[in-house]
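Reviewing the structure listed below.
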Ligand SMILES: *Cc1c(COP(=O)(O)O)cnc(C)c1O
């Protein structure tokens, strides 16, 4: 008998290990050694999905017509609700026929977009630090990536003048993400208007990842890229129900914006998946329609946690910016440490999991990211543990 040699494809071999997979491994190691872990590492809500959404899933699941393959384009009722939510939330009208594309989570759309719009050898501009999928998805499509540095002096907004001019010439697609993971920075309408100009000038498609627009504090309401004049001519925006309604496991999101781009993305998807389980679309429709209070309840919880962690860290001498949005606290590591060294020390000596900034790209070096995805008592304890670190 001959045995098969199973070897990873080159494109897999060249990928860096997925950030959270590596952190998971370290976490398990510590847990196996009996450490009582406080996990502030992963951006995944600890609060359950609201009951009215679960009830709606159940109703949807009981209807046999929802058991079959879903339409790739999504249920008309879901698309209509997306359009009215978008109008209500951002004051922007999107056409239900061709300016909305439901997704199996926004990560799915982000991962497939480069296959739809870039060729091997093209350049994709990705923010550094940034969500790792922008790079890997571009790379799977055979594109090169070039980084847009996000630095503190510029409020973690892209410094377009810092993009490599040769790369800019080849660039076809640019990912943006505001409110931002990991830095928690927020974009203004004026900034998005500059982005539209920049995209037109250099002929670059814009893909703005809006996973956190609904998670903002102190009454602040983040803007949508589509509010910028001309945005629909140059790009799309990804939205997600995951963080907003504590639905990360459900896998539902959508893209809105330029119909040409969405049509191409839909073509890739038609060859990869068969739509979102319709009962989930029914529940997602209910979430958008009736979920405003649930969203506000979540915000209140995260805001209190944010204040406990930020004020707590400040009280023990750290310098921390209070984020206006997202559930992340992005903070400089005290001098004398690298991101990885501090992450390891926090895990080994305090049982606290954080994410090292350099895991989001070289410009993240010198920072760590806390997620406030544990109960407030645990955050108080985390501050105590950090205070007692030697
Ligand atoms: C969580 C997250 C996503 C993924 O959202 P899904 O809709 O669950 O796929 C996308 N982008 C960023 C920046 C995120 O943090």
Next item on the list: Could you check the range 169-252 for strands (runs of 3 or more DSSP E) lying wholly inside it with 3 or more residues that are farther than 26 Å from residue 289 by Cα and either away from the ligand (no atom under 15 Å from the Cβ) or in contact with a helix residue (DSSP H, G or I) (Cβ under 7 Å, 6 or more places away or on another chain) (or both)?
Entry: 171-177
Check: So how many residues does the range 157-168 have that are in contact with a strand residue (DSSP E or B) (Cβ under 7 Å, 6 or more places away or on another chain) and more than 16 Å from the ligand (Cβ to nearest atom)?
Finding: 5
Checklist line | Listing of helices (runs of 4 or more DSSP H) fully contained in the range 63-140 that carry 3 or more residues being within 19 Å of residue 167 (Cβ to Cβ) | finding: 106-117, 133-140
Note to self: Kindly evaluate residue 209 against the criterion of being more than 16 Å from the chain's Cα centre (by Cα) and at pLDDT 95 or above.
What the structure shows: no
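Can you give me the number of residues within the range 1-27 that are within 25 Å of residue 331 (Cα to Cα) and surrounded by fewer than 16 Cβ atoms within 10 Å (Cβ to Cβ)?
Just the residues of the range 1-27 that are within 25 Å of residue 331 (Cα to Cα), to begin with: 16-27.
When the remaining residues are screened for being surrounded by fewer than 16 Cβ atoms within 10 Å (Cβ to Cβ), the result is 16-18, 21-22, 24-26.
Summing the residues that are within 25 Å of residue 331 (Cα to Cα) and surrounded by fewer than 16 Cβ atoms within 10 Å (Cβ to Cβ) in the range 1-27 gives 8.
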Notebook entry, point to check: Taking the condition within 15 Å of the ligand (Cβ to nearest atom), crowded, with 20+ Cβ neighbours inside 10 Å and outside the structural domain of residue 237 (by TED's automatic domain parsing), does residue 74 pass?
Noted result: no
Next item on the list: Kindly indicate whether residue 228 is buried (at least 24 other Cβ atoms within 10 Å of the Cβ), within 21 Å of residue 87 (Cβ to Cβ) and out of contact with any strand residue (DSSP E or B) (no Cβ under 7 Å at 6 or more places or on another chain).
Entry: yes
Note to self: For the range 123-181, which positions are under 16 Å from the mean Cα position of the chain (by Cα), surrounded by fewer than 20 Cβ atoms within 10 Å (Cβ to Cβ) and on the phi > 0 side of the Ramachandran plot?
What the structure shows: none
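The values are calculated or read from the model by the stated rules, or taken from the named source; none is laboratory data. Note that the coordinates shown come from a computational prediction; the quantities given were computed from them, not determined experimentally. Here the Cβ is made from the backbone with ideal geometry for all residues, glycine too, and neighbour counts use every protein chain on show.
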